[in-house]
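K.L.:
Have a look at this one.
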Amino acid sequence: MCLVINPPQHPHNLRLSCGAAPGEGSIADCPNPAARAKEKCNTCVMHLSFVILRVIKEISMRKIIVIEFVSLDGVMQAPGGPEEDTSGGFKYGGWTFPYMDEFSGKQMGEQMKEPFELLLGRKTYDIFASFWPGHDSEWPGVNKAKKYVVSKTLLNPTWENTTIINENVAAELNKLKTQDGSDLHVWGSSNFIQTLLQNDLVDELWLKIFPVTLGNGKKLFAEGTIPAAFTLSESQVSPSGVIFANYKRSGEIKVGSFA
């Protein structure tokens, strides 16, 4: 078998230089002819170097972090106000407001701190672009930050430092993650998040889970959701019962049996 090295973080996209995932390769996969001849792939220094370089690249890549308000039943639609998003007849806009307190405000402040870049779907981008240019003091750095909006219809964005991604979205985002810059923060963007989930591009989830069920509404984990494991990296609970839970992507689903 090919040498297996599990990186300390974010191993879910790791492939060996031969194209195999760790543990999937065989002696024939090793790029070193001498090692193939001796059938000692597990001691192949050349193969090891490829694996180590790939691990370093994975760890050094900037992350896509999805930051969301979500109900107990997974609804993320219109957390901020009654008119934010009434599509589908949604009538509970502003459902987070009664639960916000000083503790939650401080936690939100931490999540909004620089440095960051924004990665948004078109609808959330339009909402942000119409509001934040006139409220810079409420979110320092948001207007000067780089912004990426995924849209096939937006042509002339007026919000400063905006880049449009309009084709080959998954490939462009993978390329973006390898470039220098701050982590990419995704707010709202329920439709776009399905693309991220479907293509396994979400590195972390920063969720604020509110003690309500909303029934109908746009869901965080909808049609784009794939089987995936996450590790809880941080959690706190506000006096009003809001759970702040941060998760990191951690490989494949593991199963077992109590039998």
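The values are calculated or read from the model by the stated rules, or taken from the named source; none is laboratory data. Since we're looking at a predicted model, the values are computed, not measured. Every residue, glycine as well, gets a Cβ built from its backbone with ideal geometry; the counts of neighbours run over all protein chains shown. Accessible surface areas use protein heavy atoms only, side chains included; no ligands, DNA or RNA. Shrake-Rupley method; radii C 1.70, N 1.55, O 1.52, S 1.80 Å.
K.L.:
So how much accessible area does D101 have, in Å² to the nearest 10, using a 1.4 Å probe?
P.N.:
50 Å²
K.L.:
Please tell me which of these pairs span more than 32 angstrom C-alpha to C-alpha: K123/K254; K63/K91; K147/K254; K177/K218; K91/K254?
P.N.:
K123/K254; K63/K91; K147/K254; K91/K254
K.L.:
Give a quick list of trypsin sites (Lys or Arg not before Pro) in region 66-114 that DSSP marks as loop, anything other than H, G, I, E or B, with at most 16 other Cβ atoms within 10 Å. It would help to have the intermediate numbers written out before the result.
P.N.:
Details: sites: K91, K106, K113; in loops: K91, K113.
Of the trypsin sites (Lys or Arg not before Pro), the ones in loops of region 66-114 whose Cβ has at most 16 other Cβ atoms within 10 Å are K91, K113.
K.L.:
Let me ask you something else. Lys and Arg at +1, Asp and Glu at -1: add these up for the other residues within a Cβ distance under 12 Å of I243 and post the number.
P.N.:
Overall, the nearby charge balance is 0.
K.L.:
I would also like to ask the following. Based on the mean of other Cβ atoms within 10 Å per residue, sort peptides 215-224, 190-199, 160-169 so the most packed one is first.
P.N.:
Per-residue Cβ counts within 10 Å, averaged per peptide and sorted highest first, yield 190-199, 215-224, 160-169.
K.L.:
Still on this model: Report the net charge of residues surrounding T163, where surrounding means a beta-carbon distance below 9 angstrom and charges are Lys +1, Arg +1, Asp -1, Glu -1.
P.N.:
So the surrounding residues net to +2.
K.L.:
Roughly how many Å² of M108 are accessible to a 1.4 Å probe, to the nearest 10?
P.N.:
M108 has an accessible surface of roughly 20 Å² with all protein chains in place.
K.L.:
Rounded to the nearest whole Å³, what is the per residue volume of the convex hull around the Cα atoms of region 113-239?
P.N.:
Taking the convex hull of the Cα positions in region 113-239, it is 152 Å³ per residue.
K.L.:
V237 accessible area, nearest 10 Å², 1.4 Å probe?
P.N.:
Using a 1.4 Å probe on the heavy atoms, I get roughly 90 Å².
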